[in-house]
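The values are calculated or read from the model by the stated rules, or taken from the named source; none is laboratory data. As the structure is a computational prediction, the values presented were derived from the model and not from experiment. Cβ atoms come from the backbone with ideal geometry, glycine included; neighbour counts cover every protein chain shown. Surface areas here come from the heavy atoms of the whole protein model, side chains and all, with no ligands, DNA or RNA. Shrake-Rupley method; radii C 1.70, N 1.55, O 1.52, S 1.80 Å.
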Amino acid sequence: MTERELLSTSGQEIVFVLVGLMVLGAAVLCVTTRQLVHAALWLVVALGGLAVEYLLLTAEFVAWVQVLIYLGSVVVLLLFGLMLTRAPIGPSPDADSGNRPVALAVALASAACLVTLVVDAFRTTWIDLDEPHGRSDALGDSLFRTWVLPFEALSVLLLAALVGAIALSRARRARAGTPADGGGR
Amino acid sequence: MNTTTAAVLVPLLPALAAAVILLTGRRAPGYVQPLAVVPTLASAALAVFVAVRQSGREPLLASTELTPTGNPTLPVELAVRLDGFAVLVAVLVAVVAGCVQLYSTGYLRGDPRYASYAALVSLFTSAMLLVVYTDDLVVLLVGWEVMGICSYFLVGHYWETATARSASLKAFLVTKLGDVPFVIGILALASDAGSFRISDIVARLSSSLSGFELSHPTLVALLLLAGVAGKSAQLPLHTWLPDAMAGPTPVSALIHAATMVAAGVYFVARLLPVFAASAAALVVLAALAALTMVGSALAALAQDDIKRVLAYSTIGQLGFMAGALAVADREAAVFHLLTHGAFKALLFLAAGVLIQTAGTGSLAAMSRMRELRRRAPDAFWATTVGLLALAAVPPFAGFFSKEAVIGAAEHAALDNEHGVSSSLAAPAAAGWIVLVAGLATALLTAAYATRLWLLAFHDPVDARVESLPPGERASSAMTGVLWVLMVPSLLLGLAYGKLSDWLDGGSLAPTLTTSVLATGAAVLGGTAVYATWRRAYESAQAEDPAPALLGPLARHAEAGFHLDAVYAAVVVRPVDAAAGLVRHLDRAVIDTYVRGAAGAPGLLGTLARRAGTGNVQTYLSALVAGALVLGVAAVLVAVGD
Amino acid sequence: MHLVYPAVLSSLLFCVGVYGVLARRNAILVLMSVELMLAAVSLNLVAFDVWLGDEVHSGQVLTLFLIALAAAEIGVGLAIVLLVHRERGSSAVDRLRALADRDGNEPDRAGPEPGPEGAASRETTTT
């Protein structure tokens, strides 16, 4: 911890801020675009950028997991969901609900509050990145020693989620049985 | 047996009987009759026993403290005072109550509510005996009020009919109207005289040595008079009594002839020195008594219902007693109370038999019926004897007692030295009022007695057309009681010499002047009615002589001189109007608040329901905004600290 | 590196997610916004973990758990959205108002409408 000024920037910080702006822009596009599939794709960009941020913060294992699970499975699941609910491919004018002004106001207000609070709280705090902190071996060590019990619990939770999802889908098929089944148009 | 023990048992036996009947009457109806009759007769026997033991002796006093009142010199005591008045009135009450209980076994045979009726009559008897024997004003008040509530229930015995219901309510309300000032008067008297004991109060007041005087004698006397007027049916609180004839006839005999109404007169007799301390109170009492006598006698002459005639005559006779008290002669008052109790109970019970036989109480209807006399010979003779006593024909009982009253009034009016009974002096004005009214009433009494007898029985040439409706004959219990009660009606008056020994010792013997005057008035009244009736009877059919005699007064007299209408105008209608006003206020004002109190939350609820749109995003927006506000507030508070 | 950068980025990302949850009509888009919020929290966890140099790596482990939870959540959430779409013919969040407080005698406008024609008529307005 050497004495550094608030905005004395290092190379890492410049990259972090640039990628951060990209992530933010992608996220904003994701929640504002009128094309539903585009929203999913902008989500990919935002989450991918976030993985880069993790790498910059030396959390390499988390970054790869992020790429694998979020980009690999979650977004694919979302795209499948869009298809299964027969979302239109082109721009849909009613993607936003009537609650939009309120949502904007609430979001802006909370952003202002949080940013003010965070900046005020961590104005003089620095992260020491000289020594990597998220290496896979160290993380695996603590994951399977200290955190093994929550880890196992989480596996049970995943199983439960799996069973629940299957049960919901089965119930739908057994009850409805309508011809309005299958993928998009 | 000790005399005191016997005296205590006299009111206690009927009270116990009442309790037992009330507890078991529903489950064991077979025991009700003996339970009703035997204790009452036993208590009558004990009352006679006490009277014989106490005859003419010094009053016997016995007391035990019942409860302290906070003032150690003013305890409430269970005290008995067995003087001549108490024992004699107790005998009257117990004997009449026994007769009534016997009579009721026949009269109310098969009545589904006989058990409660018998219990209430027993309780009533017990309360009256308590009033008679007690020496303590508060205990007297207890008995007094128990009688009031019992009379309410008994008058309302046939509560299926609207008249009985309203009559019982009226009796209750009117007597309570008098009782409120009565209670105040008792408390004022006790705190003034420093004792609840009647004998103490009387001793202090009548002793010339102590020089004790009440600070507000007129006020106390008038307050007490209000209660007495309520119970003894004196003007202006007499209106409940004619209506109370809606009750069963034995109840009328018990309550409205011999016992309850006698309580007022008896109370004044016991506390006469208190009243005599105020000349104004005596004059007021005399005026009330005079008005009551004459008015009720006129009303009795015009009534159609036989029981109402008797009721009005009761009011009149009570007026006689009140008149005797107004001239400060309580012996005459109690003497008349005794004889009147006997012959009026006889008349009522006979009237009950007549009504049962004729199927109606209307004199106009009876006057068209043949052979009433032959179908109910016992009732005929009982009515005849009772009416002769009522009309004060010598030598029947009523003659002597009425003579005593009129004689006392004459003494008070003419020579103000009538002082044998006590040192009490009555104002001459009271004497004159009572004397004149008494003579007028003697005339009128004879008139309505004659009219009743003629309309009910007299049919010299068999001119009556309707035959009697078939009905069961009166039971032997009922007729037997009539013969029993005929004896005192005939003979009690002759015992005036003996009775005066038992009472204060003053002379009760009839004097020549008043006897001639009163009897003459009675004969005159009777003859006038007979003549009028005769003319009507010969001209067409048996007709009521009253309208011809009374002329334009008849209509008013029949309505009881419209006193009920006056009450309606003065009391009922303003109360109704006030109730209407309250109702209006309740509806218009209070309900508005209530509706507002309900409407405002309703409105808020409607507004709040608007928020419940079901749109999750709205909910969530509000949630986040709220969390934001809370967070900011928390941060600001933390910073502020 | 200054801690403010990741912290501010995560705050802004979170607020963007909030906006998306509150403003989007399609339920799947709402789920995406939830993912954004979760990702913002993950970034926070990682940044603070690295800052603190936690020996047991609690922040990063929790991030891993969070990713797994997000996967589970998205699976169950999508299953529910699909079921609702199947039953109501719509996945528009602001049309699903069965929980609205309305008078008992009023017909339940958002109630289940059996039959394909109900779903078809709804489809023309919502999708």
Checklist entry - Within the stretch B:514-620, which helices (runs of 4 or more DSSP H) (wholly inside it) include 3 or more residues that are surrounded by fewer than 14 Cβ atoms within 10 Å (Cβ to Cβ)? => result B:573-585, B:591-611
Checklist entry - Can we say residue C:82 is more than 7 Å from chain A (Cβ to nearest Cβ) and either at negative phi or surrounded by 21 or more Cβ atoms within 10 Å (Cβ to Cβ) (or both)? => result no
Item to check | Members of the stretch B:21-58 that are surrounded by fewer than 19 Cβ atoms within 10 Å (Cβ to Cβ) and touching a Leu at 6+ places or on another chain (Cβ under 6 Å) | outcome: B:42
Next on the checklist: Of the conditions (1) within 30 Å of residue B:622 (Cβ to Cβ); (2) within 7 Å of chain C (Cβ to nearest Cβ); (3) modelled with pLDDT of 80 or more, residue A:95 satisfies every one except a single condition; which number is it?
Outcome noted: (3)
Checklist entry - Counting only residues that are among the small types (Gly, Ala, Ser) and crowded, with 21+ Cβ neighbours inside 10 Å, how many does the stretch A:64-94 have? => result 2
Item to check | the stretch B:232-269, residues that are farther than 27 Å from residue B:37 by Cα, at pLDDT below 85 and β-branched (Val, Ile, Thr) | outcome: B:239
Item to check | Meets criteria (open to solvent by 10 Å² or more (accessible area, probe 1.4 Å) and under 24 Å from residue B:162 (Cα atoms)) for residue B:237 | outcome: yes
Checklist entry - Within the set of pairs 6+ apart or on separate chains, which have a first residue in the stretch B:604-624 that is within 7 Å of chain C (Cβ to nearest Cβ), a second that is of a type in the set (Val, Ile, Thr) and part of a helix (DSSP H, G or I), and C-beta atoms under 7 Å apart? => result B:616/C:93; B:617/C:93; B:620/C:21; B:621/A:102; B:621/A:106; B:624/A:106; B:624/C:18
Checklist entry - Given the residues B:62, B:15, which is the only one that is at pLDDT 80 or above and not in a loop (DSSP other than H, G, I, E, B)? => result B:15
Item to check | Given (1) outside any helix (DSSP H, G or I); (2) under 19 Å from the mean Cα position of the chain (by Cα); (3) hydrophobic (A, V, I, L, M, F, W, C), index of the condition residue B:345 fails | outcome: (1)
Item to check | Extreme residue, surrounded by the fewest Cβ atoms within 10 Å (Cβ to Cβ), among residues of the stretch C:63-79 that are more than 7 Å from chain A (Cβ to nearest Cβ) and of a type outside the set (A, V, I, L, M, F, W, C) | outcome: C:73
Checklist outcome for this item: Within the stretch B:65-98, residues open to solvent by 10 Å² or more (accessible area, probe 1.4 Å) and at pLDDT 85 or above come out as B:88, B:91, B:92, B:95
Item to check | Residues located in the stretch B:477-500, provided they are of a type outside the set (A, V, I, L, M, F, W, C) and touching a helix residue (DSSP H, G or I) at 6+ places or on another chain (Cβ under 8 Å) | outcome: B:479, B:480, B:488, B:489, B:493, B:496, B:500
Next on the checklist: Condition first: more than 20 Å from residue A:24 (Cβ to Cβ) and at the interface with chain C (Cβ under 7 Å from one of its Cβ atoms). Now tell me which residues in the stretch A:62-75 satisfy that.
Outcome noted: A:65, A:69, A:73
Checklist entry - If a residue has to be more than 7 Å from chain A (Cβ to nearest Cβ), touching a strand residue (DSSP E or B) at 6+ places or on another chain (Cβ under 9 Å) and polar (S, T, N, Q) to count, how many in the stretch C:7-62 make the cut? => result 0
Next on the checklist: Can you find a residue that is crowded, with 20+ Cβ neighbours inside 10 Å, touching a strand residue (DSSP E or B) at 6+ places or on another chain (Cβ under 9 Å) and not β-branched (Val, Ile, Thr) anywhere in the stretch A:101-113?
Outcome noted: yes
Item to check | Checking residue B:199 against (1) surrounded by 18 or more Cβ atoms within 10 Å (Cβ to Cβ); (2) in contact (Cβ under 8 Å) with a residue 60 or more places away in the chain, the condition it does not meet | outcome: (1)
Checklist entry - Checking residue A:13 against (1) free of Cβ contacts under 8 Å to residues at least 24 places away in the same chain; (2) facing chain C (nearest Cβ under 8 Å); (3) in contact with a Ser or Thr (Cβ under 9 Å, 6 or more places away or on another chain), which single condition isn't satisfied? => result (3)
Checklist outcome for this item: Expected output for the stretch A:30-47 (first residue touching a residue at least 60 places away in the same chain (Cβ under 8 Å), partner open to solvent by less than 20 Å² (accessible area, probe 1.4 Å) and assigned to a helix (DSSP H, G or I), Cβ below 6 Å, 6+ apart or cross-chain) is A:33/A:39
Checklist entry - Can you tell me which residues in the stretch B:253-274 are of a type in the set (Val, Ile, Thr) and in a loop (DSSP other than H, G, I, E, B)? => result B:259
Checklist entry - Does residue A:42 count as of a type outside the set (Lys, Arg) and under 19 Å from residue C:14 (Cα atoms)? => result yes
